[in-house]
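Sharing a structure, written as structure tokens. Questions coming.
The values are calculated or read from the model by the stated rules, or taken from the named source; none is laboratory data. Note that the coordinates shown come from a computational prediction; the quantities given were computed from them, not determined experimentally. Methodologically, a virtual Cβ is constructed for each residue, glycine included, from the backbone with ideal geometry; neighbour enumeration extends over all protein chains shown.
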Amino acid sequence: MRIAVLLKSVPDLIEDIPIDEESGEILYDEMSYIPSEWDDQALEEALLIKEESGAEVTAITVDTGESDTMLFTALAKGADHGVKLVGDFDPSLPNRQRAHIFSQYLGPQSFDLVLSGVQAIDDIDGQIPGLVAGILGWPHASVVTEVRAHDNRVIFRQEYAGGLVAEIKVSTPAVIGVQAARKPPRYASIAKVRQIAKSSQLEEVEMSIQEVPSLEILRFYKPIASGHAEMIDGDVDEAVDRIIEILQEHNLMRG
Amino acid sequence: MTGQEGLAVFTILIFAGATAYFIARMLPILRVLRKARATDRLDNWPSRLGFMLGQVFGHKRLLQKRLSGILHFFIFSGFVILFIDIVASIGQVFVPGLKLDAALAFIVDLWVALVLVGIILAVYQRAIIRPERYHGSDEKDGYVILGMIGVIMVGIMLHESFYPFAAHYWYHLQVRLDPWEFLGYTLGHLWLQTGMASTPVIAEAGYITGYVLDIGMVFAFLAYLPTSKHLHIFLAVPSIFLHKTRPAGELVPPLTEDAGMAIRTFQDMNWKDVLDVFTCTECGRCQAVCPAHAAGQPLSPKMVILELRDALRQELAGAEPRALAGDVVSAEELWACTTCGACQEACPVFIEHVPKIAGLRAALLEDGEIDKNSQKVLVAWDRQGNSFGQPLRRRPNWTKGLDVAIKDARKEPVDWLWFVGDFASYDPRLQELSRLVARLLQRAGLDFGILYEGESNAGNEALRLGEYGLFESLAQKNLKWLNEAQYRQIFTTDPHSLNALRNEYRKLGFDKPVKHYTQVFVDLIDQGRLSPAPLGVRVTYHDPCYLGRWNRIFDAPRQLLEKMGVELVEMPRHGPNSFCCGAGGGRIWMEEDGIKERPADNRIKEAASLEDVGYFVVACPKDMSMFSAAVQSTGNDGRMKVVDVAELLAQAVGLTVPDAELAIK
Ligand code: SF4
Ligand code: SF4
């Protein structure tokens with residue numbers, strides 16, 4: 001079983017998002033980037049499949065800047081190959097284009113399974129797994145947990161509102177958007193990442209940009225708060241009185 | 001062959017056999033030692049020797065547990081005396097008529113009596129008192145050893161008392177009962193009275209039986225030793241000689257390129273670590289002081305050592321090597337350690353538990369196995385340089401609200417550089433405290449500055465979680481400014497940062513003097529720059545592990561309290577025997593699964609048992625968080641208040657304490 005895991009980095013929201021006052025555009029170059037947490041989940045699931053039933057895991061990313069550490073980290077965690085799709089790309093690259101680049105690379109390769117995070121915090125024009133599956137014309141499922149793969153049989157779960165779970169089988173090759181791995185993503189120690197960075201090679205593949213239908217962002221801005229939270233001061237008794245008062249005001253008290 | 005010749009042949013055979021067997025069983029251990037990593041333990045040998053003699057003949061650590069120390073001293077000294085007896089007894093066989101002079105003979109008998117008393121005390125301790133610290137030790141081995149020693153003593157008395165009667169037939173000598181050999185003398189008279197002495201068969205049989213029990217058992221003992229905790233008879237003394245002399249607080253010595261911190265096999269340990277596992281006496285003193293053990297967690301430092309030892313023995317016996325981290329010693333045990341160092345402080349043979357635990361953690365971590373909360377903290381340190389996962393630029397936010405701005409040591413020279421630390425910078429409650437410290441220093445007119453956004457977490461806990469790479473990258477970030485800024489010396493509010501800067505940064509070439517804020521305050525008062533008025537309160541003081549045990553700073557906080565007119569009532573566990581708050585070694589971020597009683601709660605109860613003590617004084621930001629919570633959870637709020645020494649000092653010098661809640665009285 002050959003598994004491809006598609007990775008991307010996203011802005012680190014711990015830092016404020018810098019916005020150009022005049023144009024209302026995000027200053028992509030001024031942000032710091034971290035691996036998308038859902039992609040981490042997808043990678044973990046791929047590694048768990050590898051440990052469970054054997055697989056060759058390739059971590060792939062479109063190089064929009066600092067992607068080496070992300071790939072070396074994937075290798076340190078147990079991925080077999082790291083592939084960097086290079087070209088004239090920057091962090092503002094829309095997902096639609098990103099998906100085309102991934103698909104261009106994946107198409108001629110013989111992967112059985114493509115896993116990626118079900119979403120990322122900066123999915124402006126759609127989610128990667130769905131787009132890639134659409135471009136390649138491969139089967140696709142989204143919001144998936146517990147992917148298991150035994151000799152070209154891929155079975156996974158989807159959970160629905162109301163507590164229903166489906167077990168689904170898909171023929172390969174398929175693209176799956178992973179919601180959560182069976183276990184929290186493992187840690188890659190810094191020393192190990194460093195050592196991997198010294199001892200292994202990333203594969204670099206030249207890619208071109210393709211024209212795709214695009215959106216036009218008019219501006220980014222901070223929403224104006226529509227209401228305020230009330231901070232309740234005072235000792236416990238005063239606080240309790242105030243809470244009861246609020247509940248009564250909103251007709252939330254019974255009896 | 002005469003009887004005498006027979007006895008001589010027996011002696012030679014059993015001596016040769018036992019020695020050969022002993023050596024054969026020790027050789028594999030030596031081979032493991034030789035394959036282990038290097039560590040320099042022969043430097044500065046005169047001071048090592050002096051230290052060793054004090055510990056061996058003064059029994060300094062052993063006597064910390066009175067009964068055990070005394071009984072051990074009896075039995076231990078008995079072994080020295082035993083040599084005299086062996087020489088004399090065997091000598092008699094080969095040189096008929098050989099005799100100890102009166103004084104030596106008396107000493108041997110005296111010590112036979114003392115050893116017997118020691119054995120009785122030891123059995124009493126094992127069987128009746130049954131201290132918890134023995135839980136998990138090989139009790140059988142303990143009794144076997146005591147039994148063997150007992151048999152040897154009986155043997156000595158037997159052959160000594162029958163010798164004068166048997167010598168006549170056996171060696172054709174006339175020997176009299178010697179009153180100096182008071183045990184033999186008394187028993188001999190008993191044999192005379194009962195007529196046994198005059199029956200040649202009985203006299204000879206008594207003598208030979210005694211001889212075989214004595215000398216035979218001595219060699220049987222030798223043969224038995226290599227698989228017994230009693231191997232410490234041979235290893236304890238060298239082990240104490242080889243004790244660690246590098247700074248106590250340095251967890252990891254400078255690493256070479258190809259040798260990481262992780263311990264996966266016995267080859268990844270240094271040879272002293274390997275020696276340690278065979279030296280362990282199973283006394284359980286380390287277990288008795290371990291906060292994780294007391295909290296009901298699966299960790300006991302003794303069991304870590306014994307598990308490693310047993311695994312190594314199995315390997316030597318030909319078994320497949322097992323993974324040391326995660327299998328031989330479980331992940332739960334390893335992550336439960338607070339790295340408080342109480343175990344090392346208690347161990348009479350100076351075994352170093354913490355570096356082994358940290359090395360094993362490093363192996364787990366390399367395999368990606370770590371508690372998920374701690375993993376988040378590691379990621380936060382890597383990305384933002386603090387455990388709170390807050391932006392780096394907010395690190396100096398706590399300084400807002402100060403009337404006088406603190407100098408930026410990156411931009412102008414200062415006398416003192418204050419390394420603030422994560423908790424004091426980001427934790428809202430502790431920020432207040434940091435401002436108070438700043439105001440005290442400003443009041444004293446101290447020329448000091450901080451590194452603002454140039455400071456990152458010092459990396460002490462990253463290292464103790466086994467993440468050497470992260471420690472190094474955090475240290476490099478700090479060193480960029482620590483090396484560039486102009487200042488004379490450093491002080492920290494946080495003992496964990498203090499430890500890293502003082503002991504762990506050395507291997508990266510940093511050697512500025514590092515002090516604790518309590519030391520700075522003491523100096524300021526001595527120089528008359530702060531004049532505290534007596535507070536007249538009764539308090540107790542908690543020694544933080546990373547200030548006290550690991551850096552031996554016990555006096556400064558106490559002096560400071562004294563200068564503030566504070567009456568200090570010590571808790572039973574204080575100074576080097578202080579009891580950990582439970583936060584160290586990364587524990588502060590980990591799940592509390594399986595904890596029956598939190599170490600901090602245990603500690604607050606100890607303090608609450610002191611009469612009329614209303615304040616629990618701390619000198620570490622983490623302690624403030626840990627113990628404030630513990631005071632509440634043990635229902636002691638109202639009775640006891642956790643205060644930082646700086647809060648007391650602020651009060652004493654008449655600074656307004658901003659948070660009314662902090663004000664004492
Ligand atoms: S360092 Fe402290 S917590 Fe860790 S094993 Fe030793 S005594 Fe127990
Ligand atoms: S490690 Fe030291 S303190 Fe602990 S049981 Fe062994 S000898 Fe005793």
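Determine which member of the set B:Leu498, B:Leu463 is within 14 Å of another protein chain (Cβ to nearest Cβ), in a helix (DSSP H, G or I) and under 19 Å from B:Gly584 (Cβ atoms).
Criteria check complete, one pass: B:Leu463.
Test B:Ala424 against the criterion of being crowded, with 22+ Cβ neighbours inside 10 Å, in the same structural domain as B:Arg587 (by TED's automatic domain parsing), touching a residue at least 24 places away in the same chain (Cβ under 8 Å) and not in a loop (DSSP other than H, G, I, E, B), and give yes or no.
When the stated conditions are applied, B:Ala424 passes them.
Which of (1) more than 13 Å from ligand 1 (Cβ to nearest atom); (2) in contact with a helix residue (DSSP H, G or I) (Cβ under 6 Å, 6 or more places away or on another chain); (3) on the phi < 0 side of the Ramachandran plot does B:Phe350 not meet, given it meets every other one?
(3)
Of (1) surrounded by 16 or more Cβ atoms within 10 Å (Cβ to Cβ); (2) away from chain B (no Cβ under 14 Å); (3) farther than 19 Å from A:Leu48 by Cα, A:Val144 satisfies all except one. Which?
Evaluating A:Val144 over (1) surrounded by 16 or more Cβ atoms within 10 Å (Cβ to Cβ); (2) away from chain B (no Cβ under 14 Å); (3) farther than 19 Å from A:Leu48 by Cα leaves (3) as the failure.
Now for a separate question. Here are B:Gly449, B:Gly445: which of them is assigned to a loop (DSSP other than H, G, I, E, B) and either touching a residue at least 60 places away in the same chain (Cβ under 8 Å) or away from chain A (no Cβ under 14 Å) (or both)?
Every option except B:Gly445 fails the conditions.
Of the residues B:Asp403, B:Asp382, which single one is closer than 29 Å to B:Trp481 by Cβ and away from chain A (no Cβ under 14 Å)?
B:Asp403
Among the residues of the range B:385-400, which ones are more than 11 Å from chain A (Cβ to nearest Cβ) and of a type in the set (Phe, Trp, Tyr)?
Of everything in the range B:385-400, just one residue is more than 11 Å from chain A (Cβ to nearest Cβ) and of a type in the set (Phe, Trp, Tyr), namely B:Trp398.
Can I ask one more? Out of the residues in the range B:288-303 meeting the condition of being among the small types (Gly, Ala, Ser) and within 11 Å of ligand 2 (Cβ to nearest atom), tell me which one is farthest from the other protein chains (Cβ to nearest Cβ).
B:Ala288
Find the residue count for the range B:350-379, including only residues that are surrounded by fewer than 23 Cβ atoms within 10 Å (Cβ to Cβ) and assigned to a loop (DSSP other than H, G, I, E, B).
Number satisfying all stated conditions: 6.
Check whether at least one residue in the range B:115-129 is assigned by TED's automatic domain parsing to the domain that holds B:Val212, touching a Lys or Arg at 6+ places or on another chain (Cβ under 9 Å) and touching a residue at least 12 places away in the same chain (Cβ under 8 Å), and report yes or no.
Taking every residue of the range B:115-129 in turn, none turns out to be assigned by TED's automatic domain parsing to the domain that holds B:Val212, touching a Lys or Arg at 6+ places or on another chain (Cβ under 9 Å) and touching a residue at least 12 places away in the same chain (Cβ under 8 Å).
Just give me the residues in the range A:63-85 being within 14 Å of chain B (Cβ to nearest Cβ) and not in a helix (DSSP H, G or I), in sequence order.
A:Glu66, A:Gly78, A:Ala79
So, one more: Let me spell it out: the conditions are (1) within 14 Å of chain A (Cβ to nearest Cβ); (2) modelled with pLDDT of 95 or more, and B:Asn373 meets all of them except one. Which number is the exception?
Of everything listed in (1) within 14 Å of chain A (Cβ to nearest Cβ); (2) modelled with pLDDT of 95 or more, B:Asn373 misses just condition (2).
Spot the failing condition for B:Gln375; the list is (1) more than 16 Å from ligand 2 (Cβ to nearest atom); (2) closer than 30 Å to B:Phe51 by Cα, and only one is missed.
(2)
Within the range A:1-18, can you find the residues that are in contact with a Leu (Cβ under 7 Å, 6 or more places away or on another chain), surrounded by fewer than 22 Cβ atoms within 10 Å (Cβ to Cβ) and either away from every other protein chain (no Cβ under 14 Å) or within 30 Å of A:Ile155 (Cα to Cα) (or both)?
A:Met1
Here is a further query. In the range B:97-136, what count of residues is obtained for those that are crowded, with 17+ Cβ neighbours inside 10 Å, out of contact with any helix residue (DSSP H, G or I) (no Cβ under 7 Å at 6 or more places or on another chain) and not in a helix (DSSP H, G or I)?
Total meeting the criteria: 0.
On to the next question. Can you find a residue that is within 13 Å of ligand 1 (Cβ to nearest atom), in a loop (DSSP other than H, G, I, E, B) and crowded, with 24+ Cβ neighbours inside 10 Å anywhere in the range B:320-338?
Scanning the range B:320-338 turns up at least one residue that is within 13 Å of ligand 1 (Cβ to nearest atom), in a loop (DSSP other than H, G, I, E, B) and crowded, with 24+ Cβ neighbours inside 10 Å.
How many residues are near ligand 1 (Cβ under 9 Å from one of its atoms) and in a loop (DSSP other than H, G, I, E, B) when one looks only at the range B:263-294?
1
Additional query: Given the criterion more than 14 Å from every other protein chain (Cβ to nearest Cβ), outside any loop (DSSP other than H, G, I, E, B) and within 10 Å of ligand 2 (Cβ to nearest atom), identify the matching residue among B:Arg313, B:Arg309.
Answer to the selection: B:Arg309.
Now a separate question. From A:Ala46, A:Ala55, A:Ala99, grab the single residue that is more than 13 Å from chain B (Cβ to nearest Cβ) and surrounded by fewer than 23 Cβ atoms within 10 Å (Cβ to Cβ).
Unique residue meeting the criteria: A:Ala55.
Residues in the range A:7-42 that are assigned to a loop (DSSP other than H, G, I, E, B) and in contact with a helix residue (DSSP H, G or I) (Cβ under 7 Å, 6 or more places away or on another chain): how many?
Matching residues across the range A:7-42 total 4.
Listed here are the residues, each with its yes/no results for (1) surrounded by 12 or more Cβ atoms within 10 Å (Cβ to Cβ); (2) touching a Cys at 6+ places or on another chain (Cβ under 7 Å); (3) of a type in the set (S, T, N, Q); (4) more than 14 Å from chain B (Cβ to nearest Cβ).
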residue: A:Leu164; (1), (2), (3), (4): no, no, no, yes
residue: A:Pro173; (1), (2), (3), (4): yes, no, no, yes
residue: A:Tyr187; (1), (2), (3), (4): yes, no, no, no
residue: A:Val212; (1), (2), (3), (4): yes, no, no, yes
residue: A:His228; (1), (2), (3), (4): no, no, no, yes
residue: A:Glu238; (1), (2), (3), (4): no, no, no, yes
residue: A:Ile243; (1), (2), (3), (4): no, no, no, yes
residue: A:Gln248; (1), (2), (3), (4): no, no, yes, yes
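Okay, next question. Go through (1) in a loop (DSSP other than H, G, I, E, B); (2) at pLDDT 95 or above; (3) surrounded by fewer than 21 Cβ atoms within 10 Å (Cβ to Cβ) one by one and return the number of the condition B:Asn457 breaks.
(3)
Residues in the range B:246-262 that are buried (at least 20 other Cβ atoms within 10 Å of the Cβ), within 16 Å of ligand 1 (Cβ to nearest atom) and among the aliphatic types (A, V, I, L, M): how many?
Here the count works out to 1.
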